[in-house]
There are 2 protein chains.
Amino acid sequence: MLQPFDDNYFMKKALQEAEMAFEKGEVPVGAVIVVKNRIIARAHNLTEKLHDVTAHAEMQAITAAANFIGGKYLKDCTLYVTLEPCQMCAGALYWSQISRIVYGASDPQRGYVALGTQIHPKTVVEKGVLENEAGELLKRFFIQKRNLN
Amino acid sequence: MLQPFDDNYFMKKALQEAEMAFEKGEVPVGAVIVVKNRIIARAHNLTEKLHDVTAHAEMQAITAAANFIGGKYLKDCTLYVTLEPCQMCAGALYWSQISRIVYGASDPQRGYVALGTQIHPKTVVEKGVLENEAGELLKRFFIQKRNLN
């Protein structure tokens, strides 16, 4: 049976955001936040353009989703993000009490899992959704960057 | 000898920000960021007003300071914050490579120290500056909140 609104579908939307970051010369990470199969926030990394370390895709998506909802808690929401969240983003997701986090590629060096950041007990996490696509995009970005320098 | 621009001086400025948060019904935490004895960013917690868990004093101060500097790294900067940073804020401070963090009251439950958040190796941390004042303000806030509910 066709499942138009499964995790792959929404992760593809997050990947489209990551590609927009790539085109701007930003580390290509994208995110969307979904409630009942509806995307309520889309964002991609903008740390270079904004000169702001806090402008990760997840952080912008959290702010935008809360703005849409009109409340700070992201209950019944799912975040799709192409790369495993860092300490900062996992810390923000903790405060948001988001219901579900789905991420693509793992980040063994800077990701929250290896660094032991606490996720809210109400939050379910799934990983590895379209991880190859997300990982390939990141790899391509860093190869291109190396060749330019 | 008089030292007008010592840590106490700048922490008092952060406390003034915390008092502004208190008056707005926000958890009273304030922050300033200083370069060469000059305050380049002031902020206080606005999570309730903005419906945004990312609106901690430190996060806003990091964004404002980077905006002032025109770059995302907060080298030669000191953050003064009245309460020990949480995972999210410590994670953001990691990315900023800030030179120095000075905080007032400790937060054994939600603070980054107990939760093991990684701080950048270039960052020096000092704690306990005007901790009683910062702690009293927080205590007053939570007593008042309890009495209102």
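Structure values in brief
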read-out: Kirkwood Rh, angstrom, region B:1-122 [1 / mean 1/r, Cα pairs]; value: 14.2 Å
read-out: Relative contact order (percent, whole number), region B:7-142, Cα cutoff 8 Å, 6+ residue spacing; value: 23 percent
read-out: For peptides A:140-146, B:99-105, sequence by mean Cβ density within 10 Å, most packed first; value: B:99-105, A:140-146
read-out: Computed [θ] at 222 nm, helices only, for chain A once each DSSP H run of length n ≥ 4 contributes -39500 (n - 2.57); value: -13000 deg cm²/dmol
read-out: 7 Å along Cα→Cβ, label-point gaps from B:Asn67 to other copies, nm, shortest first; value: 1.3
read-out: Shortest-first nm distances, B:Glu48 label point to equivalent points in other copies (7 Å, Cα→Cβ); value: 4.1
read-out: Cβ-based net charge around A:Ala21, under 11 Å, with every Lys or Arg adding one and every Asp or Glu removing one; value: -3
read-out: Residues B:Gln16 and B:Lys122, FRET efficiency given R0 of 25 Å [Cβ-Cβ distance, rounded to 0.05]; value: 0.30
read-out: Cα Rg over Rh - region A:79-143, Kirkwood; value: 0.99
read-out: Accessible area (Å², 1.4 Å probe, nearest 10) - B:Leu148; value: 140 Å²
read-out: Per-copy distances of the B:Asn37 label point, shortest first, in nm (7 angstrom along Cα→Cβ); value: 6.5
read-out: Other protein chain Cβ atoms within 10 Å, averaged over every residue that makes up A:43-52; value: 3
read-out: Peptide A:118-125 - average C-beta neighbours from other chains (10 Å radius); value: 1
read-out: Buried accessible area, chains B and A (both chains, 1.4 Å probe, Å² to nearest 100); value: 2400 Å²
read-out: Between region B:90-149 and region A:72-149, the alpha-carbon center distance in angstrom; value: 25 Å
read-out: Simple spin-label estimate for B:Glu48 and A:Asp76 in nanometres, 7 Å along Cα-Cβ; value: 2.5 nm
read-out: FRET efficiency, A:Arg38 to B:Phe68 (Cβ-Cβ, R0 30 Å, nearest 0.05); value: 0.20
read-out: Shielding by partners, peptide B:56-65 (average Cβ within 10 angstrom, other chains); value: 2
read-out: For A:Val102, net neighbour charge (Lys/Arg +1, Asp/Glu -1) across residues whose Cβ lies under 9 Å away; value: 0
read-out: Net charge of Cβ neighbours under 13 Å - reference B:Ile40; Lys, Arg +1; Asp, Glu -1; value: +4
read-out: Packing rank of A:110-120, A:41-51, where each peptide gets the mean count of other beta carbons within 10 Å, highest leading; value: A:41-51, A:110-120
read-out: Estimated inter-spin distance, B:Asn149 and A:Lys145, nm [label 7 Å along Cα→Cβ]; value: 4.3 nm
read-out: Relative counts (whole %) of C-alpha pair distances in the protein assembly as shown, using bins that are 5 Å wide; value: 1, 6, 12, 16, 18, 16, 12, 9, 6, 3, 1, 0, 0, 0, 0, 0
read-out: Rounded to the nearest 20 debye, dipole of region A:7-142 from Cβ charges on Lys, Arg, Asp, Glu; value: 440 debye
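The values are calculated or read from the model by the stated rules, or taken from the named source; none is laboratory data. Not measured: the values here are computed from a predicted model. When we count neighbours, we look across all protein chains shown, and the Cβ atoms used for this are built from the backbone with ideal geometry, even at glycine. For the accessible areas, the whole protein counts, side chains as well, though only heavy atoms, and no ligand, DNA or RNA atoms are used. Shrake-Rupley method; radii C 1.70, N 1.55, O 1.52, S 1.80 Å.
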